[in-house]
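Engineer: Dropping a structure here in structure tokens format, bear with me for questions.
The values are calculated or read from the model by the stated rules, or taken from the named source; none is laboratory data. Quantities reported herein were computed from a predicted structural model and do not represent experimental measurements. Here the Cβ positions follow ideal geometry from the backbone for every residue, glycine too, while neighbour counts run over all protein chains shown. These accessible areas exclude ligands, DNA and RNA; they are computed on the full protein's heavy atoms, side chains included. Shrake-Rupley method; radii C 1.70, N 1.55, O 1.52, S 1.80 Å.
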Amino acid sequence: MKERKEKPLYIKVSEDILEKYRYLEYYSPLPGERELCEIFHTSRPTIRKAIDVLEKDGKIIRLQGKGTFFVGNSSHIAHETNSVIGFYNDVCLQGKDARSKVLLQNVEPATEFIAEKLGIAEGDMVFHLERLRYIDGELYSLTNSFHPTEFCPDLRKIDFTEISLYNTFEEHGIHIAKMRQMLSVKAANAYEAMQLEIEEGEPISVRSCITYDTKERIIEYVEIKTQAYKTMFEITVYK
């Protein structure tokens, strides 16, 4: 009878890490190497090898200067959005190509509706960015975002075709903390239908989001419009 070989320690540790953190939400951060060493009572080289295994298996992802993040136990069908890190980063994390076509990039007075969403006075100046967003060359959404100029750098001169707006905020010390979202469905008007390449009156999904930074300031109101049949909204509820 052949003697069954025992699994290497780093393989066991990788399985233990996956078991311990398998209920985390998509793109949740994992503890650092030192803390993982303490949790699993092993050395840093073993932890590094275990993390390498999980990364190769597509369970985690490592971002230089940011840390290690859990990306789930199953492959993503179509596109899954994690809004806290932004469209560009989320698409890139899924191994896809993210691009935009800028339709409007302007500083303008806030309307009554936008002012209410941003918690500012009507007429205060806001940066307005309207883009068509593409995933692997396929049209995904028509996106309009509004930002109080009081908190933001001068964004008018930046080409957002391939640059992340959220990464630009991070570079200027504006750190995204949370987002409130609402999903609704409406009939596309003539302009929306033209941009999304559908017929006027066809259903579209509208995801409205208010984004806060770590100082609890509202730094963005955004409306993301997609063809309704391209939208899947998933909610995980914990006890």
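Engineer: Please list Ser141, Ser184 in order of solvent-accessible area, largest first, computed with a 1.4 Å probe with all protein chains present. Can you show the working numbers first?
Structural biologist: On the way: Ser141 0, Ser184 45 Å².
I get Ser184, Ser141, largest accessible area first.
Engineer: Let me ask something additional. Before anything else, pin down the relative contact order of region 7-67: Cα pairs under 8 Å, at least 6 apart, normalised by residue count, whole percent.
Structural biologist: Computed value for region 7-67: 44 percent relative contact order.
Engineer: Determine, from the Cβ-Cβ distance of Glu112 and Glu150 and an R0 of 25 Å, the FRET efficiency 1/(1 + (r/R0)^6), rounded to the nearest 0.05.
Structural biologist: Step by step, r from the Cβ atoms, then E = 0.85.
Engineer: So with the 1.4 Å probe, I'd like the accessible area per residue for region 98-238, rounded to whole Å².
Structural biologist: Here the residues of region 98-238 average 54 Å² of exposed surface.
Engineer: OK, next. So if each residue of separation counts as 0.36 nm, and I subtract the Cα-Cα distance between His172 and Arg22, what length gain in nm does that give?
Structural biologist: Contour length minus Cα-Cα distance gives 50.6 nm.
Engineer: Go through region 167-178 residue by residue and turn each phi into a ³J(HN,Hα) via Karplus (6.51, -1.76, 1.60, θ = phi - 60°); whole Hz please, and just put x for glycine and proline.
Structural biologist: For region 167-178, the Karplus-derived couplings read 5, 5, 4, 4, 5, 9, x, 9, 9, 5, 10, 7 Hz, x marking Gly and Pro.
Engineer: Still on this structure, please answer the following. Kindly write out, for region 182-192 in residue order, the coupling ³J(HN,Hα) from the Karplus curve 6.51 cos²θ - 1.76 cosθ + 1.60 (θ = phi - 60°), rounded to whole Hz, with x marking Gly and Pro.
Structural biologist: 9, 10, 9, 10, 9, 7, 5, 7, 4, 5, 4
Engineer: For an R0 of 22 angstrom, estimate the FRET efficiency from the Cβ-Cβ distance between Glu15 and Ser43 and round to the nearest 0.05.
Structural biologist: After rounding, the FRET efficiency stands at 0.80.
Engineer: Among the listed pairs Lys96/Lys178; Lys12/Lys178; Lys66/Lys215; Lys20/Lys225, which are separated by more than 31 Å between their Cα atoms?
Structural biologist: In this structure, Lys12/Lys178; Lys20/Lys225 exceed 31 Å between Cα atoms.
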